[in-house]
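The values are calculated or read from the model by the stated rules, or taken from the named source; none is laboratory data. Here the structure is a predicted model, which means the values were calculated and not measured. Counting neighbours? That spans all protein chains shown, and the Cβs are built from the backbone with ideal geometry, glycine included.
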Amino acid sequence: MELYIHIPFCARKCRYCSFVSFAGQESFFEEYTELVIKEAKKRLSEIEEPIRTVYIGGGTPSLLPVHVFRKLLKGLSGIYSMDKVTEFTCEANPGTLTRDWLDCAAENGVNRLSIGMQAFQHKFLKILGRIHDYDAVSDSVRLARRAGISNINLDLIFGIPGQSRAEWAETIDKAVSLRPSHISAYGLIPEEGTPLNEDIKRGKLTLPDPDTERDMYDDAIKRLSQYGMLQYEISNFALPGKECVHNTGYWSQVPYIGLGISAASMVHVKISAAGMTYERKTNPDSYLSYKTMILDNALSPVSEKINPSDSRFETMMLGLRMNKGVSEKRFFGLHGKSVSECYGSKLGRMMDEGLVMYENGCWKLTRRGFDIQNAILVELMED
């Protein structure tokens, strides 16, 4: 089982960010931490198997003062058994990391850090609304290693307004020069309602054309492979053995508990002759609603029961994100039916069109299939 904790606080909201996060709310740090610990206690009965990975995301978890961060880590370890945890990731932003915070993290089990670098050039960091520069990224990596945390991911973004392929290549090279074990490379999605999206709508900023963005994606695959980082998921690259276990668990439908504002959970997984079923719970996305939920002794008011048909589709949707694809053997073990039985005719047409392939007992997207993944999933979803 996996454990996720959402820290919704930021020093400043990034201009492209649509996640649930709040800037300038330092006065709530300690109270929120106490609420998360209360929720952890209330959800103890939902831990149906040992916790094997922990992920603290945000927001900016590294913004928490050391004494508050320590309270969170000690509180969680006092409620849940962490004996089986092999990977404990915490997100962090350059410019917020300190030696004391990193020492606290390492002393309390954190062994993997995910740092939001995003770009090398200052002009693009400014467009994105980031508070750091490249030197802060370099300093953060150095401090993390000094604290004993050597398993480091760097988040990068391509397709930024005005960004050229050469500038994207420079960002990749600068990231790799810091010797991370993992890189996440995401194409920029200007979400509705964000300041960046408004600037694009008004013509103040212009995105690279689709062909250039596709070339940037190809450049990332080729360039990172030259550095020994192999793609294992649409946006993720790792040195051998350094794939993110926690995220791979999501894509493999491993049950998880999500604590905090807007956090989701996948619980009550059952595998029977009829197939796989489970329940998805989602916490409120406002501070007041979340606080009320905890203090009123309620849990996850938004709940959805996933039936066997939806479960099968989610196995395909999540599995096709990964380069290894969807295993026929594992699919049958979960659902009592083969992939071919459920989606054979559609997958056959897609094979003829060069969008999917069947290799070593697994269904996988081709490079062309990755480009139109959403359209493929829509077709699989339709009856």
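Pairing residues of segment 122-145 that are among the aliphatic types (A, V, I, L, M) with residues that are in a helix (DSSP H, G or I), at Cβ distances under 6 Å and at least 6 apart in sequence or on separate chains, gives Leu143/Arg99; Leu143/Leu102; Ala144/Leu102. The single condition among (1) hydroxyl-bearing (Ser, Thr, Tyr); (2) assigned to a strand (DSSP E or B); (3) within 23 Å of Ser262 (Cα to Cα) that Thr292 does not satisfy is (2). Pairing each residue of segment 23-39 that is over 14 Å from His6 (Cβ atoms) with any residue that is small (Gly, Ala, Ser) and not in a helix (DSSP H, G or I), provided the two are 6+ apart or on different chains, yields C-beta distances under 7 Å for Ala23/Ala11. Is it true that Glu304 is outside any helix (DSSP H, G or I) and within 23 Å of Glu279 (Cα to Cα)? Yes: the conditions hold for Glu304. Of all the numbered requirements in (1) in a loop (DSSP other than H, G, I, E, B); (2) closer than 18 Å to Glu170 by Cα; (3) at pLDDT 95 or above, His132 misses one, and that requirement is (3).
In segment 210-238, the residues that are in contact (Cβ under 8 Å) with a residue 60 or more places away in the chain reach residues that are in a loop (DSSP other than H, G, I, E, B) with C-beta atoms within less than 6 angstrom, at least six apart or across chains, in these pairs: Gln231/Asn323; Tyr232/Glu243; Tyr232/Asn323; Glu233/Arg321; Ile234/Arg321. Being of a type outside the set (Gly, Ala, Ser) and free of Cβ contacts under 8 Å to residues at least 24 places away in the same chain is the filter here; which residues of segment 65-118 pass it? Passing the criteria: His67, Glu107. Restricting attention to segment 277-311, the residues that are touching a strand residue (DSSP E or B) at 6+ places or on another chain (Cβ under 7 Å) and closer than 23 Å to Lys337 by Cβ add up to 10.
Filtering segment 189-205 for residues that are farther than 19 Å from Phe19 by Cβ and among the hydroxyl-bearing types (Ser, Thr, Tyr) leaves an empty set.
Here is a check on your reading of the model: is Ser62 crowded, with 23+ Cβ neighbours inside 10 Å and at pLDDT 95 or above? So Ser62 passes the test.
Do we have Glu49 as outside any helix (DSSP H, G or I) and of a type in the set (D, E, K, R) here? For Glu49, the condition - outside any helix (DSSP H, G or I) and of a type in the set (D, E, K, R) - is met.
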